[in-house]
Structure formats: structure tokens, C-alpha cells
Amino acid sequence: MKSIVDDVRARALSLGRAADDVKVFLGATIVTGRTDQQAQEKYAEYRRYVSSEGALVHAAASLGIDFSRYDLDEPIETAQSQAIVSNVEAMNRTAGPQWTKRKLLEQMVLGSRQAPLVGSAQHVADTLVAWSEEAGVDGFNLSRTVTPECFEDFIGLVVPILQERGVYKTSYREGTYREKLFGHAHLPATHTAAQYRVPSATTPAR
């Protein structure tokens with residue numbers, strides 16, 4: 001992940017942008033509890049209700065692949081798919097270029113393409129902070145497992161630990177989402193889209 005983040009930021013610099021103009025968010029499927037044992041018990045319960053067919057349908061929506069055409073261990077051809085290219089590339093990195101439905105299902109144990117992070121709130125917080133510090137990740141997109149329980153667990157157990165460490169906000173700032181992420185309300189002049197900005201209209205004199 002660090003090599004990907006470094007490459008993205010290097011590309012931004014080569015285009016005359018600041019490295020911090022790009023924010024990187026990592027998908028995360030989290031199962032947590034007050035203890036590791038509690039989290040593992042919850043994870044085992046969740047796995048009892050996983051639908052392999054549902055997981056493949058969910059993956060097909062973003063990978064652009066009709067999995068019904070393939071046997072469980074038949075290599076999947078991605079060259080001709082109408083896929084989101086980055087998603088296919090991510091699968092090739094994790095499962096290899098000749099991946100199969102079986103390999104995909106082994107990774108999607110809870111229906112999400114990310115391998116789940118299972119552990120106590122302390123363990124989850126440690127891992128997220130490590131991803132941020134060591135790989136340069138700016139934040140995380142949390143995948144749902146069982147809602148609203150998965151979000152309530154994260155908010156009630158993990159967020160207070162992150163706040164204590166000073167890596168998570170304790171209140172909401174005013175401003176747009178762009179202002180909160182980048183510190184300014186509009187695209188910087190170095191952004192490619194800035195050249196298409198419409199000048200502010202002026203009021204004609206009377």
C-alpha cells in the first residue's frame with residue numbers, strides 16, 4: 001500500500017501539484033469488541049450468515065465480471081471485462097493474475113473484497129494508526145457488515161481510543177467537505193480543472 005501511495009503522490013508532484021493535494025482512503029472491514037475474544041466470537045457468528053452467491057453478485061457489480069460463466073477453480077479472464085480497472089488490478093495483486101472464484105471467496109469471507117480486521121478496539125486502533133503512519137494513508141472507508149451494529153461498535157469502542165491519541169476529531173468544524181479535507185473552499189490554481197472555472201459575475205452599474 002505504501003508503494004501505491006508513494007506512486008500517487010509522486011505523480012501529483014510531476015504534474016505540478018502538491019503531494020498533499022491527493023488524499024488516500026483505504027477500505028476497511030472491521031469486526032471489533034471490548035476484547036479479542038469478543039471480537040472473534042462476533043466474527044464467527046457473522047460468518048455463519050455469509051452468502052457465497054451474494055458475495056459474488058456484489059463483487060460482479062464493481063469488477064464487471066459474470067461469475068456464473070466460470071467453475072469454482074477456473075481461471076477468470078479479466079482482459080475483456082467492462083470492469084473498474086483499479087478493482088481488477090487490486091484483485092490481481094492479492095490473488096494473482098490467474099485468480100478463481102474460490103480465491104475470491106476465500107478473501108471475501110464477509111462479502112467485502114477487503115480481508116476483515118478482527119480484534120479488540122485497542123488492536124483495531126493500533127492497526128489503523130500503523131496504516132496511517134507507515135503507509136501514508138489519510139483515512140478509511142468503513143465497509144458495512146451488520147448494520148447498524150458494526151458502526152455502533154466502531155463509534156463506541158474504537159473512536160474514543162483514536163481521539164485520546166489525537167488522530168480523530170472530537171468535534172465537527174464548520175465548512176464544506178473540501179475545506180475539511182484540504183483547508184480551502186475551492187480547487188487550487190494548480191488543479192487541472194481550475195482552468196475551467198467560470199469568473200464571478202459582476203453586477204452592472206446603473
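The values are calculated or read from the model by the stated rules, or taken from the named source; none is laboratory data. Bear in mind the structure is a predicted one, so any value in this text is a computation, not a measurement. Note: ideal-geometry Cβ built from the backbone for every residue, glycine included; neighbour counts use all protein chains shown. Surface accessibility is based on the protein's heavy atoms, side chains included, excluding ligands, DNA and RNA. Shrake-Rupley method; radii C 1.70, N 1.55, O 1.52, S 1.80 Å.
Placing +1 at every Lys and Arg Cβ and -1 at every Asp and Glu Cβ, with all other atoms neutral, what dipole size does the chain have around its Cα centre, in debye to the nearest 20?
The calculation lands at about 740 debye.
Compare Ala18, Ala39, Ala189 in a GNM of the chain, Cα atoms joined below 10 Å, and give the one with the largest fluctuation.
Its mean-square fluctuation being the largest, the pick is Ala189.
On C-alpha positions alone, give me the angle between the axis of helix 36-47 and the longest principal axis of the chain, in degrees, nearest 10.
Here the helix axis deviates by roughly 80 degrees.
Considering only protein heavy atoms, with the full assembly of protein chains and a 1.4 angstrom probe, order Ile65, Ile155 by accessible area, largest first.
Result of the area sort, largest leading: Ile155, Ile65.
Name the residue, out of Gly136, Gly111, Gly33, whose mean-square fluctuation peaks in a Gaussian network model built on the chain with Cα pairs under 10 Å.
Sorting by GNM fluctuation, first place goes to Gly136.
How many nm separate the modelled label positions at Gln98 and Met1, each set 7 Å beyond the Cα in the direction of the Cβ?
Placing both labels 7 Å beyond Cα along the Cβ direction yields 3.0 nm.
Using only Cα atoms and rounding to the nearest 10 degrees, what angle (0 to 90) does helix 121-135 make with the longest principal axis of the chain?
That works out to roughly 60 degrees.
Can you pull the accessible area of Asp66 for me, 1.4 Å probe, Å² to the nearest 10?
80 Å²
Do me a favour and compute the ellipsoid semi-axes for the chain from its Cα gyration tensor, root of five times each eigenvalue, largest one first, whole Å. Intermediate values should be presented prior to the final figure.
Numbers: eigenvalues 247, 141, 55 Å².
Three semi-axes, in Å: 35, 27, 17.
Using Cα centres only, tell me the gap between region 149-192 and region 1-34 in whole Å.
Each part reduced to its Cα centre gives a spacing of 15 Å.
What is the calculated FRET efficiency for Ala60 to Val146, with r their C-beta to C-beta distance and R₀ = 22 Å, to the nearest 0.05? List each step's numbers first, then the result.
Details: r = 22 Å, r/R0 = 1.01.
Here the calculated transfer efficiency is 0.50.
Just to be sure I understand the model, the point goes 7 Å from the Cα along the line to the Cβ. What's the resulting Lys23 to Val50 distance in nm?
Reported label-point gap for Lys23 and Val50 is 3.1 nm.
Might you work out the accessible area of Lys103 for me, using a 1.4 Å probe with all protein chains in place, and round it to the nearest 10 Å²?
My reading of the accessible area for Lys103 is about 90 Å².
With a Förster radius of 45 Å, plug the Cβ-Cβ distance of Val8 and Thr35 into 1/(1 + (r/R0)^6) and report the FRET value to the nearest 0.05.
Approximately 0.75, to the nearest 0.05.
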